[in-house]
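Please treat every number below as a calculation from the coordinates, not as lab data. It should be emphasised that the depicted structure is a prediction, and the values quoted were computed from it without experimental measurement. Cβ coordinates were reconstructed from backbone atoms using ideal geometry, including for glycine residues, and neighbour counts include every protein chain displayed.
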Amino acid sequence: MSELRNEIAWSWSRDKTLRRCARQYYWHYYGTWGSWWDDAPAEVKHAARLKRLTNFDLLVGDAIHKAIARALLHRPAQPCFMPEDAIAEDAQRLFEIAGQQAELADAYYGVPGLPERRALAEAKLAHCLEGLRACTWAKRLFRVPRSRLRWLDDAAAPFEARMVNTEGGYTLFGAPDVAVEDREGRLHVIDWKTGKRDDSDRLQLTAYALFLALKLNLNLDRIHGHLVYLLDPPGRQVESAGVLEDVAPVLGMITDLYADVRSRLSDVERNIAGDIERFEMTEHFGICARCNFRELCGRSASEPSATDQ
Ligand code: SF4
């Protein structure tokens, strides 16, 4: 097994984190690094605990994504029907288990309204599962031979499976949900959305397409993207998009992140961030109010309201 090294890499979530708050990026990728070692400093272990805090929205998304992925992973090789009831039962079970085992940020920070938030999350989960039953793309993934599924986000796959290197020397992390090949050899990348639409969703899809083009050695003009909004009515669930026009902006985001992070490091060669002050704290206190690390930044005073998440 290769030695575990902390290296700069680009992913959609890393990019979002850095844009949101450089200090949050520091806690995620430097301030918690090595927390798994027995002799790690107490602050590193504590920061890692905060990093793991979650919320009901994340638990809903995770349960749905995992349940679909597991059903696809275990489906027969021949075309079949989508096992709607089994996926729904699995998602509800996963949500229940995670709700018991995971530590919620709201519980940690004593934010009131936890039962109400849980009820909202359960309703959202049920709504997403209804959306899935009506989703033509979901059904299509079972009605083709399994060999046409060229990518599945398998939680049990080794870490390296989600990594790829570009010719320019950048490392990309990607976790596209699923990609299926059609009869003409075009690849369709599907991204399940369990939240509201966001203007940046298309860019995220392009980032996944770029990752898959490198991983599967495909031309980008053979890849089509499909955003599936499970909360939307069946006729308006899917937004399909070519990916070519957004490739340049995504490549720009990758080089920008590398340059930005490197400019903050105390030792670029060894990827060491020895000065936390080079990762400034955001001035947007609304972001802090939902941040897992607010205790470490002395910004736990303002809390999100019961309807914020
Ligand atoms: S609490 Fe605020 S400043 Fe601190 S890491 Fe989170 S978002 Fe950044």
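Quick rundown of the values:
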item: Ranked list, fewest to most other Cβ atoms within 10 Å of each Cβ, for M163, M82; result: M163, M82
item: Cβ-defined net charge surrounding A155, 12 Å radius [Lys, Arg +1; Asp, Glu -1]; result: -1
item: Options G113, I97, H65, ranked by Cα towards positive dipole end of the stretch 48-157, top entry (Cβ charges); result: H65
item: Pairs of lysine residues in the chain - Cα separation under 26 Å, sequence separation of 8 or more or cross-chain; result: 23
item: Computed label-point distance, nm, for sites S240 and R278 using a 7 Å Cα→Cβ extension; result: 4.7 nm
item: Global form of the chain, assessed from the alpha-carbon gyration tensor, a/c cut-off 1.5; result: oblate
item: Additional length obtainable on full extension of the chain from S266 to R5, 0.36 nm per residue less Cα span; result: 92.3 nm
item: Three-way shape call for the stretch 156-201 based on the alpha-carbon gyration tensor, with the a/c threshold at 1.5; result: oblate
item: Net charge dipole size for the chain [Lys, Arg +1 and Asp, Glu -1 on Cβ; Debye, nearest 20]; result: 620 debye
item: Residue-count net charge about R133 - beta-carbon cut-off 12 Å; Lys, Arg +1, Asp, Glu -1; result: -2
item: Helix runs (DSSP H) in the chain reaching 18 Å along axis by Cα, Kyte-Doolittle at least 1.0; result: 56-73
